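Structure first, commentary second.
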Amino acid sequence: MNIRCAFCQTPYTLSRVAMLDALQEVDSKNLTHYDAHCPRCRRATRVPRQRLEMAMPNWREELKEFEKEMKAHPQQEAPLPAPEASPVAEATPTPKPAAQKGATKPKPAAKPAESKPKAAARQTTPSAETKKSTDRKTSTKGTSKKSK
């Protein structure tokens, strides 16, 4: 069954198993609608009971067939993650060996700095700098400095 999220407008589908679950829930609780949750925004979109029943009119017979199929071909549960991969194990730091007194790491020999000619920097006076900054503050956008 194709559904479009009422909030983010994302189209998504309800599978056969999800539709059987929805119809079972609606029937057992005597509800007028089913809340289908959007995979993108996780908000619930109401699906009326009539629309669910129109999409799967003989759902009780299909539910019985599905139960027989699951008994004939049971599925295994997913294995649990290994304890080494747990986030708690990653968060605990491993202790580092204590440093010995008197033992230091050898420092690399300092290389003599090569003298490169420096590029000539533009020298400005302090008054020129303040003049530039005040011109920027007083000028307004889109006007020219032409005098009449």
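The values are calculated or read from the model by the stated rules, or taken from the named source; none is laboratory data. The structure presented is a predicted model; accordingly, all values stated were derived computationally and were not measured. Note that we place each Cβ from the backbone using ideal geometry, even for glycine, and neighbour counts take in every protein chain shown.
Taking (1) in contact (Cβ under 8 Å) with a residue 40 or more places away in the chain; (2) among the aromatic types (Phe, Trp, Tyr); (3) not in a helix (DSSP H, G or I) in turn, Phe66 satisfies each apart from (3). Within the range 43-102, the set of residues being farther than 30 Å from Asn2 by Cβ, modelled with pLDDT of 60 or more and surrounded by 10 or more Cβ atoms within 10 Å (Cβ to Cβ) is empty.
The residue that is nearest to Asp21 (Cα to Cα), among those in the range 69-86 that are hydrophobic (A, V, I, L, M, F, W, C) and part of a loop (DSSP other than H, G, I, E, B), is Ala78.
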